[in-house]
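The values are calculated or read from the model by the stated rules, or taken from the named source; none is laboratory data. As the structure is a computational prediction, the values presented were derived from the model and not from experiment. Positions of Cβ are generated from backbone atoms using ideal geometry, with glycine treated the same way; all protein chains shown enter the neighbour counts. Just so you know, the surface numbers come from the protein's heavy atoms only, side chains and all, with ligands and any DNA or RNA stripped out. Shrake-Rupley method; radii C 1.70, N 1.55, O 1.52, S 1.80 Å.
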Amino acid sequence: MIRIVIADDHAIVREGLKRIVGDAEDLKVAGEAADGTEVMKAVRELEFDILVLDLSMPGRSGMELIKLVKSEKPKLRILVLSMHQETQYAVRAIKSGASGYLTKESAPAQLQQAIRKIAGGGAYISAEVAEQLALGAMPGGDTLPHESLSDREFEVFRLLVGGEAVSDIAHKLNLSVKTVSTHKANLMQKLGLSNQTELVRYALKHGLTDPLS
């Protein structure tokens, strides 16, 4: 029996995922979490094999949360579930310690298969993501400007593009306004951009905006 914790801030999404898992005799939901704090509570208190983790939740989330989970339980397998089709999110998640990456759009058809594969020690990623990981390991490969951003800069970038103010981002990420402002300045410099309009235009061009929910 493969025991699973489902982490997503939307109750309706958790219920949908629980139904998909519940259809399989070899899969069992051991718990659920609605934010980063609840994820860590589950990691510390529950016995389970797979964490199905939404990439964007209140509190700690994204690559930071993946790394935190792995620091607590290095052997725990993580399947990231995300709205994002863009391979940059998947590549960063895998590099942070996730064993698989699945879009929410694909979850109804592929969730059971993905859970079984990573529970067996494998990885569940698309061919495109595998190619990007391979290219990233090669010296001298061509990269896009946003690929040079640190995970924290990339998180700030994503929130800025979503229309959030620096003060709101600071609160969400538990950082000071000064630190977020520094991240913003650094990422704008790395991307060669000078204002918010250019930032949004860049995100749209490269498919890095959050889909409308």
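Couple of notes before you dig in:
- Segment Thr37-Ser181, extension gain: residue separation times 0.36 nm, minus the distance between their alpha carbons: 49.3 nm
- Compactness relative to 2.2 N^0.38 Å, alpha carbon Rg of the stretch 1-119: 0.93
- Built from the Cα atoms of the stretch 42-112, the convex hull projects on average onto 4.8 nm², one quarter of its surface area.
- Theoretical FRET efficiency, 1/(1+(r/R0)^6), r = Cβ-Cβ of Gln113 and Leu68, R0 25 Å, to 0.05: 0.40
- Tensor-based shape of the stretch 146-213 (alpha-carbon gyration tensor, a/c under 1.5 rounded, otherwise prolate or oblate): oblate
- Zone of Glu47's modelled label, taken as backbone nitrogen in the stretch 1-39 under 12 Å from a point 7 Å along Cα→Cβ: 3
- Under-5 Å amide H pairs with Tyr124, H placed in peptide plane, nonlocal only: Gly100, Tyr101
- Accessible solvent surface per residue of the chain, calculated while the other protein chains remain in place, 1.4 angstrom probe, Å²: 51 Å²
- Whether the stretch 1-70 is rounded, prolate or oblate, judged on the alpha carbon gyration tensor where a/c under 1.5 counts as rounded: oblate
- Förster radius 25 Å - calculated FRET efficiency between Ser194 and Asn174 (Cβ-Cβ, nearest 0.05): 0.30
- Violating pairs (Cα-Cα greater than 29 angstrom) within the set Lys73/Lys184; Lys70/Lys184; Lys184/Lys205; Lys75/Lys178: Lys73/Lys184; Lys75/Lys178
- Mean-square fluctuations from a GNM of the chain, with a 10 angstrom spring cutoff on Cα atoms, peak among Asn195, Asn186, Asn174 at Asn195.
- Dividing the Cα radius of gyration of the chain by its Kirkwood radius returns 0.97 for Rg/Rh.
- Degrees, to the nearest 10: 107-119 long Cα axis against longest axis of the chain: 80 degrees
- Helix 177-191 and the longest principal axis of the Cα set of the chain meet at an angle near 80°.
- Mean ellipticity per residue at 222 nm, deg cm²/dmol - from DSSP H runs of n ≥ 4 across the chain, formula -39500 (n - 2.57): -15500 deg cm²/dmol
- Annotation for Asp23 and Ser106: the two label points, set 7 Å from Cα along the Cα-Cβ direction, are 1.7 nm apart.
- The mean sequence distance of close C-alpha pairs (under 8 Å, at least 6 residues apart), as a share of the length of the chain, puts its relative contact order at 16 percent.
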